[in-house]
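These notes concern the structure reproduced below.
The values are calculated or read from the model by the stated rules, or taken from the named source; none is laboratory data. Keep in mind it's a predicted model, so treat the numbers as computed, not measured. Cβ: placed from backbone, ideal geometry, glycine included. Neighbour counts: every protein chain shown. Surface accessibility is based on the protein's heavy atoms, side chains included, excluding ligands, DNA and RNA. Shrake-Rupley method; radii C 1.70, N 1.55, O 1.52, S 1.80 Å.
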Amino acid sequence: MIKRIIYLFIAFTCMTAVTSCELESNVYDAYNTNIFPNTEEDVEALLVGSVYGPFRSNQFSGLFTVAIGGVQIYNDMCTDLGDCNWSDPYWFDIINVNFNLNNSNGPQLIYNNWLSSLSRMADVIKRVKEMDSISETNKQKLLAQCYCGVGWLGYILYDMYGGIQIPTEESLANPAAGVIIPRSSNEETAKFIEENLLEAAKYLPKNIKYGSADYGRFTAGTAYTVLMHLYMHDGRWKDAAEIGKELMKSEYGYKLVPNYKDIFTLENEGNSETIFACTCDHGIHTQYWLSQVLTDNYPVKNKKMQRWGGYRMPWNFYHTYEKGDRRLETIVASYTSTSGVLIDEAHPGSQLRKGAMPKKYGEDPEDTGAGSAIDWIVLRYADVLLLQAEALARSANNVTQEAVDRLNDIRRRAGLDEYSVGDFSSLDSFLSAVLTERGHELYFEGWRRSDLIRHGKFVTYAKFYKKSLTAAPHHVLFPLPQSVIMEGHGQVIQNPGY
């Protein structure tokens, strides 16, 4: 299973550690290319270290860490559904949409930490293409994983920052020379991402069965889901709808899990709704979600689990759920503490003063500290269905039966009344319903910021729900790190407004 991949990652990390300090931003050049990679096994080590390495949720590291520095955390905390009990300045700035260059733990951290990974992935592609010891068929499979990593990381950076610095032949040929790569335009960046994802989808398996040796690797489903988000980001509604139709084909095997709360449990890892998850295991990779969320007086079965009581769902967002919504079973709005005291909105104490606890994930009975081995889900089928509902309506410029059907797929699972086409007086009213449903379904999965931006409501919501005094139109993009701008010597331009 994925343990094999993780162990390889550890081995690769140890192999490169002695030189990574010398050339931190160019780890991909830390090995002797005259002797490495030389075999398919060598390439596997490179894939794990350079391609899969960023896409993990491991304690406080990885793109999908659930702590500060995680893509999903930044993208939801700055919206109407996120808040935090902790008083660190960086939490205040993120939550209140006060993005600035003075906060070293601000959202620019993603760009600073992960841009160089694009070059490492591109270098692996270059090395593999030059190898004669691997058959063309196996090369295609190996390269497809690289292309998916490049495309997905490219999309994350594009969504957060706009046009990115795309690795060039010159920069890859001589990484130590410090070649300055200017930012590409939005159009060039989107084309770069699209080409990589489409190339990946050609050769990746449509799905990988849970429990198999390759579970945890990228699939065509992974590549297409990210591509669908790219098309939605750029307003390519028809293209997005075509991808949604592709992902609904039976050969991908995706379907909704009957009970929402079962999606995020140890017992249901690798369920039919999961498209990509960061695989976790004790002693290797563990995620900290419940430790970040639960307060220390919340009754749990596993009393060894640490509980820090940080993340919250604001009460005004919590109250937008309909009565009887089964997804509320994963959100703690009221509980009796370990000392027998009722804690709720009317008696919040310090625990619920900022809102309800977005528990979402089940407990790991073997968690002996702050590390859960429950796989952290990043992409899932419910997201695709809701995007499909929106894409179909936008592309038709009308509320269609098929679009309503996709929305109802999600509402039915939540135990809510289904909509009919006649329930919507306009396209805008339908899109508003989809936006609401996406927030309720995908809370703290990292899509809220891009959803609000796409619907033209990000800044408005920040001012209304967060009472932000700083939110402005330019905040739809995060700032690039100031160090990147300075090192660019005028060739790398900061986003407007910063």
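Some points to look at:
- Flag for Ile166 being in contact with a Ser or Thr (Cβ under 8 Å, 6 or more places away or on another chain), of a type in the set (A, V, I, L, M, F, W, C), at pLDDT 90 or above and not in a helix (DSSP H, G or I): yes
- Top-ranked residue of segment 273-283 - restricted to ones that are surrounded by fewer than 17 Cβ atoms within 10 Å (Cβ to Cβ) and in contact (Cβ under 8 Å) with a residue 40 or more places away in the chain, ranked as farthest from the chain's Cα centre (by Cα): His282
- Only residues that are surrounded by 12 or more Cβ atoms within 10 Å (Cβ to Cβ) and in contact (Cβ under 8 Å) with a residue 60 or more places away in the chain were counted in segment 465-482, giving 12.
- Residue, most open to solvent (accessible area, probe 1.4 Å), within segment 327-338, restricted to residues that are in a loop (DSSP other than H, G, I, E, B) and farther than 19 Å from Asn302 by Cβ: Ser334
- Unique residue being touching a residue at least 12 places away in the same chain (Cβ under 8 Å), surrounded by 18 or more Cβ atoms within 10 Å (Cβ to Cβ) and either of a type in the set (A, V, I, L, M) or farther than 28 Å from Val257 by Cβ (or both) when the list is Leu442, Leu427: Leu442
- Options Asn98, Asn138, Asn103: the member that is open to solvent by 10 Å² or more (accessible area, probe 1.4 Å), under 18 Å from Met160 (Cα atoms) and either in contact (Cβ under 8 Å) with a residue 24 or more places away in the chain or in contact with a strand residue (DSSP E or B) (Cβ under 8 Å, 6 or more places away or on another chain) (or both): Asn98
- Some residue of segment 218-229 being at positive phi and not in a helix (DSSP H, G or I): no
- From the list Ser171, Ser133, Ser185, the one residue that fits, being surrounded by fewer than 16 Cβ atoms within 10 Å (Cβ to Cβ), among the small types (Gly, Ala, Ser) and over 23 Å from Tyr231 (Cβ atoms), is Ser133.
- Checklist (1) surrounded by fewer than 20 Cβ atoms within 10 Å (Cβ to Cβ); (2) under 24 Å from the mean Cα position of the chain (by Cα) applied to Thr286, failing item: (1)
Okay, residues lined up against (1) in a loop (DSSP other than H, G, I, E, B); (2) among the acidic types (Asp, Glu); (3) open to solvent by less than 40 Å² (accessible area, probe 1.4 Å); (4) touching a Lys or Arg at 6+ places or on another chain (Cβ under 7 Å):
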| position | (1), (2), (3), (4) |
| --- | --- |
| Asn297 | yes, no, yes, no |
| Gln306 | yes, no, no, no |
| Phe317 | no, no, yes, no |
| Gly324 | yes, no, no, no |
| Gly340 | yes, no, no, no |
| His347 | yes, no, no, no |
| Gln351 | yes, no, yes, no |
| Tyr361 | yes, no, yes, no |
| Asp367 | yes, yes, yes, yes |
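- Any hit, segment 380-394, residues being open to solvent by 30 Å² or more (accessible area, probe 1.4 Å) and under 29 Å from Tyr224 (Cβ atoms): yes
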